[in-house]
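The values are calculated or read from the model by the stated rules, or taken from the named source; none is laboratory data. Not measured: the values here are computed from a predicted model. Because the Cβ atoms are built from the backbone with ideal geometry, glycine has one as well, and the counts that use them run over all protein chains shown. Protein only, heavy atoms only, side chains kept; ligands, DNA and RNA dropped before computing areas. Shrake-Rupley method; radii C 1.70, N 1.55, O 1.52, S 1.80 Å.
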Amino acid sequence: MYSNKDFDDQAEPDVKDVKRSSYGRPGISVEQAAAGVVDVDAKATTYVVLACIIAASGGLLFGYDGGITGGVEAMHQFAASFFPSTVNAPDRDFYCKYNDETLSAYSSVMHFTGSVASFAASYFTQHHGRTRSMIIAGTAYCIGAVLQGAAKNTIALLFIGRIFWGIGVGFGDHCAFIYTAEMAPPRWRGRLNTLVQLGTISGIVVGTGINVGASFLEWGWRLPLSLAAVPGSILLLGGLFLPETPNSLIERGYNDKARAVLEK
C-alpha cells in the first residue's frame, strides 16, 4: 500500500501541515498513515483487494442464512421430522402460514444470539484483534453447520446449531466492516467496504439457488445446512492467514508490525 520512504518515525508534523503538503512528502508517522490522516499515494494492490474480499465473507455468513432458512423450513422432509404441525398447513393467513411457536423460535434464535454476540464482538475485536474475531466467527459458523446438518429427529441440535450461527454472524459482521475499512487505502475505502454488503447479497442468492436444487432430494434439507461450512471455512482461513490491520496493531502497541503491513 505504502512505500518505505513515506514514513518517518521521528517526525510528527501537525495534521494541518500534513494535509497542505501531502504531495511534498512531509514526515508521516506510521500512526498517521494507518489512520488515513493523509493519503500518501496509497494504491489498492492485489494483496489488499484479496484481503478485503476474504474478510468480506463475514457478510456472506448472514446472507447465506437468510437465503436458506425459509426454504429449508418449507421442505417437506424437514418439516415432517422436526415441525410436524406445519406439514400441509392450510393457507389461512397470508402472513402466518406456519403458526408454530417452536418453528418461530428456531428462526429467530440466530438473530437474537447474533445481536447479543455483537456486544462481545465489539470488546473482543478492539482488544484482541480483527483476525481473531474472524477465527471465532468462522469456527462458530462451521460448528453450527455440522450440528444442523447432522440433526436427526430432535430439534436440540438444530437450536444449538442456530445459536452457533448467531455467534458467527455477530462476530463476522462486526469484524468484516472494520477489517475492510482499516485495510483499504483512504481513496479506496468506500469502494472496498461495499464488498461486505456484496457478500451479504451473494450469500442470499447462492443460498436460494442451493435450496432450489436441494428441494428435489428427499434428504435435501441437509445439503444447504451442511454447505454453510463453506463460507464459515473461508472466514476461518482468512482469520488464520490474513494479516492484522495496521490500526489494530498500533492500538495494541505493535508499531513495527503495523509498518510491515502498510508497506505490503
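Among residues belonging to segment 211-235 that are of a type outside the set (Gly, Ala, Ser) and open to solvent by less than 40 Å² (accessible area, probe 1.4 Å), point out the one that is nearest to the chain's Cα centre (by Cα).
Residues of segment 211-235 that are of a type outside the set (Gly, Ala, Ser), as a first pass: 211-212, 216-219, 221-225, 227, 230-231, 234-235.
From what is left, the residues that are open to solvent by less than 40 Å² (accessible area, probe 1.4 Å) are 211, 221, 224-225, 231, 235.
Numbers: 211: 22, 221: 24, 224: 18, 225: 18, 231: 9, 235: 7 Å.
Among them, the one singled out is 235.
Looking at residue 99 and the list (1) part of a loop (DSSP other than H, G, I, E, B); (2) out of contact with any Lys or Arg (no Cβ under 9 Å at 6 or more places or on another chain); (3) free of Cβ contacts under 8 Å to residues at least 24 places away in the same chain, which single condition is not satisfied?
For residue 99, the failing item is (2).
Answer yes if at least one residue in segment 182-196 is hydroxyl-bearing (Ser, Thr, Tyr), in contact (Cβ under 8 Å) with a residue 12 or more places away in the chain and in a helix (DSSP H, G or I), and no otherwise. Full working, then the answer.
So the first thing to find is which residues in segment 182-196 are hydroxyl-bearing (Ser, Thr, Tyr), and the list is 194.
Cutting the leftovers down to in contact (Cβ under 8 Å) with a residue 12 or more places away in the chain gives us none.
Looking for residues that are hydroxyl-bearing (Ser, Thr, Tyr), in contact (Cβ under 8 Å) with a residue 12 or more places away in the chain and in a helix (DSSP H, G or I), one finds none in segment 182-196, hence no.
List, please: which pairs have Cβ atoms under 9 Å, are six or more places apart or on different chains, and start with a residue in segment 229-255 that is farther than 17 Å from residue 143 by Cα and end with one that is among the basic types (Lys, Arg) and open to solvent by less than 40 Å² (accessible area, probe 1.4 Å)?
Partner pairs satisfying both residue conditions: 242/130; 244/130; 245/130; 247/130; 248/130.
How about segment 240-254: which of its residues are farther than 16 Å from residue 126 by Cα and open to solvent by 50 Å² or more (accessible area, probe 1.4 Å)?
Just the residues of segment 240-254 that are farther than 16 Å from residue 126 by Cα, to begin with: 240-242.
Scanning segment 240-254 gives 240, 241.
Which of the residues belonging to segment 128-141 are surrounded by fewer than 21 Cβ atoms within 10 Å (Cβ to Cβ) and either of a type in the set (Phe, Trp, Tyr) or free of Cβ contacts under 8 Å to residues at least 60 places away in the same chain (or both)?
Matches in segment 128-141: 128 only.
For segment 151-164, what are the residues that are small (Gly, Ala, Ser) and in contact (Cβ under 8 Å) with a residue 24 or more places away in the chain?
Residues of segment 151-164 that are small (Gly, Ala, Ser), as a first pass: 151, 156, 161.
151, 161 - these are the residues of segment 151-164 that are small (Gly, Ala, Ser) and in contact (Cβ under 8 Å) with a residue 24 or more places away in the chain.
Could you say whether any residue in segment 182-202 is over 25 Å from residue 48 (Cβ atoms), open to solvent by less than 10 Å² (accessible area, probe 1.4 Å) and modelled with pLDDT of 90 or more? Give the derivation first.
The initial filter retains those residues of segment 182-202 that are over 25 Å from residue 48 (Cβ atoms), namely none.
No, because not a single residue in segment 182-202 is over 25 Å from residue 48 (Cβ atoms), open to solvent by less than 10 Å² (accessible area, probe 1.4 Å) and modelled with pLDDT of 90 or more.
Going by the structure shown, is residue 173 acidic (Asp, Glu) and within 30 Å of residue 45 (Cβ to Cβ)?
On the way: acidic (Asp, Glu): yes; within 30 Å of residue 45 (Cβ to Cβ): yes.
Against the criterion (acidic (Asp, Glu) and within 30 Å of residue 45 (Cβ to Cβ)), residue 173 qualifies.
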